[in-house]
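These notes concern the structure reproduced below.
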Amino acid sequence: MFKATIKSLLSRKLRLVLSALAVVLGVMFVSGSFVLTDTLQRSFTDLFSSAFANVDVSVSPKTEKGKEPELLTPQAISDVKSVPGVASAVGDVQGSARPIGKNGKVMTTSGSPRFGSNWTGNGQEKIREGRAPQADDEVVVGGYLASTGGFKVGDDIGLLTLEPKKTFKITGIYEYAGGRDSLGGELSVAFTEPVAQQLLLGKKDAYSSITVTAAQGTTDDALRDAVAAKLGSGYDVKTGAVLAKEQADQINEGLKFFNYVLLGFAGIALFVGIFIILNTFSIIVAQRTRELALLRSMGASRGQVIGSVVLEALVIGLIASIVGLGAGIGVGALLANIFSSLGGGNLHLAGIGVPMSAIISSFAVGMIVTVVAAVMPALRASRIAPVAAMREAATPDRPLTKITIIGALVAALGGTSLGFGFNQASLPLIFGGILVAFVGVALLTPLLSKPMVSLIGRLLSWSMPGLLGRRNSARNPRRTAITAAALMVGISLITGVSVVLTSATKSIEKLAAGQIQTDLIISGEGQMEGQPATFKRDALTQVEKTDGVSSAFGWSSDGVLSGDDQLFAIAPTDVAAMKTMFGLKPKTGDIAPLKDDQIAMPEDLAAEKGWSVGSKVTLQLAKASEPKTFTIAFVWAKTQVLQGALVLPESAGKDFRSDQIGQAFLQVKPGTSAADVQKRVEPLFADNPEITVQDRSAFVKQTTSQFDTVLLMIQILLALAILIAVLGVINTLALSVIERTRELGLLRAIGMRRSQVMRMITVESVVISVFGAVLGLAVGVALGLATVQALKDQGISEIGFPWVTMVQYLVVAAFVGVIAAILPAIRAARLNVLDAIAYE
């Protein structure tokens, strides 16, 4: 029986290649994810080891939750220098500094930091060209900033720090050990020490940390203990090795999440692959009906027949796993190089390695998926009676009653899990519910297949080849359903996300048009490192005095602590203007200006915390030395604006991390053009390229543009699942052509031309693809609506459908059908008529 199975497998090499490809692509994604993250983890570990190579011990102020850390003083440096075993102690200043390019726009990176520091000449940075800064208006820049911005020694460069744009003269360009332009694609600049303290920390004679070098014969650990004993408990004293490990661990934690995302999409690809493998083995078993029945009549047991099919699956899974692992290593290496190039090639990659997790997961996933998908056809094959060998026709398709009932129950179970998941915000329940729901819909698909395929096919059956193609796609509902279900998964997920993002966009647009009664909005285009872009309060005062402005207000914002809970807080400049522009209505108390010891909040936050007007609330603000107690002055009625936000008095802003204005809102005088006022206000922010003045529609567009980026990323990642689904269509058609060899020969014999055969196969392919797309759109819309309903309390109050995108998916599905039909159609058209009629 073993020999017979191997011979059968070898005789069907071509039939199984497409099935194996589905597994190869899924395994490639899994192994590539592990290879990529392993390579990046080791690369970042090496990077931080290099970055802290010259640091024996580092001293920094201890950070308390919710509080801004105290800055170090010159006295702390003197104390460290007095410790026995210290060779040198240098104060370091570091903070956000965003360079302005020669085009007048703020330079950005692909996630790497933009920072400034004081030039000490004590680290691993070395002047490559020019000299160190000496005057207050001089800086040196990193090699990567110089090369990407096109700067050279002698050029002027604009910089944004805690203060608006200031211009400096570049006196030098520095590099890191090994001649590297940067450590990881960062944009860095160094000032003289007094200037760095003022612009980066906002305070003279202050430092972010102290770098300590050990004297000869003193170990890092011993020096750390001695410095810690001298300074006391208010400081974090760590060795350079510990700092390097902490930084690497922090990056690696982020890479783990990145890896989980990639593995999630790999799981989707493998899930789609199961449909294809299941379909492949179902067709092959159906084609081998007589062969398996003859084996049974010759004495083969049911167990041997099952073993025969499962053995084929094991061989395919093994080969596909090996190929997929090899492809995954290549893909992982490619993605690692792309990741490195995003930082200008400055992240030096560690050697590409293959972790054991990649090998184990590749073989476990590849072989298990293949065997699981082959079990059902194997069981079906074992039930073939020996008398079937005497039949000329294949066994008739079984009734759909049983599979329909099971599908309905499974779909209901998936929907229930999804509902509980949304209600309890449980990701395992949500993902499990989606997976189970997909299985349920796939089981229900055969019932829908015949009527829907017949309806879709009518659009293409204006000729006899089209009519035959429509009937071919409808005559085996199970096969058509499984093929379409593979395409359904990818399209439904993309459609579901599109519905959610479109609904979110529509909700924001309605909110901006209805509740926010502002004509112009002043805000930052992006985020500076760790903080939103801000501007000085003096600029808002000038805005209020601008001709045509009726009223204006702004706010500073920060996170505050209430016990262990982190809350978002704003300190508006004018509560009355905020009430008018945001349409706030009192729930309890009167909306009026706040005293220094008063706060306000929306009713949903008050209900959640059990607070009411008159309640005392203790809050820890970032720069406050001690928690402060406030009294709730008023609570406003539930609204879509400022959900979950605490409103503090304007005076509280001085204890935020930044007291500058993050957003401002303007109303223009009746009869005045908002566009004219915008032209008058914009010059006030000429020195701050991060700040823009926009009308409401432009602000909404900027806010929702991030949704397009999210959707594009998901489409790219799900493209693999759709590619596998396309292989499934090709696979089904190719096997179907082999199965219908005699039928095709007879059609050719009675006069059907080759072009007509190709058209018939193409119609069949297009009908199956469009059916899968329609199914995916329906399931995706249902998932999207369920998600929107679950997020109703989070501000998504409107339902929107991406009609244009959905039509595009249908068009793409039809195109996919045409492409998928090319090879099977050519094969069908090239059949020799006499050989096909004699085919057995």
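The numbers here are math on the coordinates, done by the rules we state, and not lab data. The shown structure was predicted, so the numbers you read here are calculated from the model rather than taken from an experiment. Cβ sites come from the backbone with ideal geometry, for glycine too, and all protein chains shown count toward neighbours.
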* To do: Grab the beta carbon distance between ILE837 and THR401, set R0 = 51 Å, and tell me the FRET efficiency rounded to 0.05.
  => 0.85
* Run through the DSSP bridge list for the chain and note the antiparallel percent, rounded to the nearest 5. => 80
* Structure fact -> Cα-Cα longer than 30 Å, checked against LYS152/LYS238; LYS166/LYS623; LYS169/LYS536; LYS65/LYS654; LYS402/LYS792; LYS65/LYS579, kept in input order, equals LYS152/LYS238; LYS402/LYS792; LYS65/LYS579
* Using only helices, what value at 222 nm comes out for the chain when you add -39,500 (n - 2.57) per DSSP H run of length 4 or more and divide by the total residues, to the nearest 500 deg cm²/dmol? -> -19000 deg cm²/dmol
* May I ask you to compute the full-extension gain from ALA53 to PHE258, defined as 0.36 nm times their residue separation minus their alpha-carbon distance, rounded to one decimal in nm? => 71.0 nm
* **Nearest-ten-degree value, helix 220-231 long axis tilted from longest Cα axis of the chain** => 40
* Asked: Which of the aspartates and glutamates could a cross-linker span from LYS204 if the Cα-Cα distance has to be under 20 Å and same-chain partners fewer than 8 positions apart are dropped?
  -> GLU68, GLU70, ASP79, ASP92, ASP136, ASP137, GLU138, GLU163, GLU193, ASP655, ASP659
* Structure fact -> Net charge near GLN598 (other residues with Cβ under 12 Å of its Cβ; Lys, Arg +1; Asp, Glu -1) is -1
* Structure fact -> Spelling it out for THR588: with amide H atoms placed in the peptide plane at 1.01 Å from N, the residues 5 or more places away or on another chain with amide H under 5 Å from its amide H are VAL635
* Asked: Once both axes come from the Cα atoms, what is the angle between helix 240-287 and the longest principal axis of the chain, in degrees from 0 to 90, rounded to 10?
  -> 20
* Asked: Using a ≥ b ≥ c from the Cα gyration tensor of the range 642-752 (square roots of the eigenvalues), is it rounded, prolate or oblate, where a/c under 1.5 gives rounded and otherwise the larger of a/b and b/c decides, a/b for prolate?
  -> prolate
* To do: Take THR171, THR37 and order them by how many other Cβ atoms sit within 10 Å, fewest up front.
  => THR171, THR37
* Local electrostatic count at LEU520 - Lys and Arg +1, Asp and Glu -1, tallied over other residues with Cβ under 13 Å -> -1
* Using the Cα centre as the reference, give the magnitude of the dipole from point charges on the C-beta atoms of the chain (Lys, Arg: +1; Asp, Glu: -1; all else neutral), rounded to the nearest 20 debye. => 5120
* Share antiparallel - DSSP beta bridges, the range 488-646, percent rounded to 5 -> 70
* Name the residues of the range 174-195 whose amide N is less than 17 Å from a point 7 angstrom out from the Cα of GLU129 along the C-beta direction? -> 174-176, 179-182, 188-190
* Round to the nearest 0.05 the FRET efficiency obtained for VAL153 and ASP708 when R0 = 35 Å and r is the Cβ-Cβ distance. => 0.30
* Cα-projected label distance for LYS609 with ALA364, points at 7 Å along beta-carbon direction, nm -> 4.6
* Structure fact -> Taking Cα atoms only, helix 754-790 is inclined relative to the longest principal axis of the chain by an angle, in degrees rounded to 10, of 40
* Structure fact -> Read-out Cα extents along the principal axes in Å, candidates (1) 104, 60, 58; (2) 83, 60, 50; (3) 99, 74, 51; calculated match is (3)
* To do: In vacuum, with every alpha carbon of the range 68-193 counted as one equal point scatterer, what does the Debye formula give for log10 I(q)/I(0) at q = 0.10, 0.15, 0.22 Å⁻¹? Two decimals, please.
  => -0.33, -0.71, -1.30
* Using only the Cα atoms of the range 610-690, build the gyration tensor, take square roots of its eigenvalues as a ≥ b ≥ c, and label the shape rounded, prolate or oblate: rounded if a/c is under 1.5, else prolate if a/b is larger than b/c, else oblate. => oblate
* To do: Using R₀ = 51 Å, calculate the FRET efficiency as 1/(1 + (r/R₀)^6) where r is the Cβ-Cβ separation of ALA177 and TRP803; round to 0.05.
  => 0.35
* **the range 348-353 - phi-based ³J(HN,Hα) in whole Hz, Karplus 6.51/-1.76/1.60, Gly and Pro as x** => 6, 6, 5, x, 5, x
* Contour minus end-to-end for LYS105 and VAL811, with contour as 0.36 nm per residue of separation and end-to-end as the Cα-Cα distance? -> 250.2 nm
* Distant-in-sequence amide H partners of SER88 (H built 1.01 Å from N, under 5 Å) -> THR213
* Structure fact -> Going from the fewest other Cβ atoms within 10 Å to the most, one would list THR445, THR213, THR219, THR483 as THR219, THR213, THR445, THR483
* To do: For LYS585, list the aspartates and glutamates whose Cα falls under 18 Å from its own Cα; do not include residues on the same chain fewer than 8 positions away.
  => ASP574, GLU603, ASP604
* Structure fact -> Going residue by residue through the range 595-607, the Karplus relation 6.51 cos²θ - 1.76 cosθ + 1.60 with θ = phi - 60° gives ³J(HN,Hα) values, rounded to whole Hz and with x marking Gly or Pro, of 7, 4, 10, 10, 9, 9, 6, x, 5, 5, 5, 4, 5
* Karplus couplings for the range 631-637 from phi (6.51 cos²θ - 1.76 cosθ + 1.60, θ = phi - 60°), rounded to Hz, Gly and Pro as x? -> 10, 6, 8, 7, 10, 9, 5
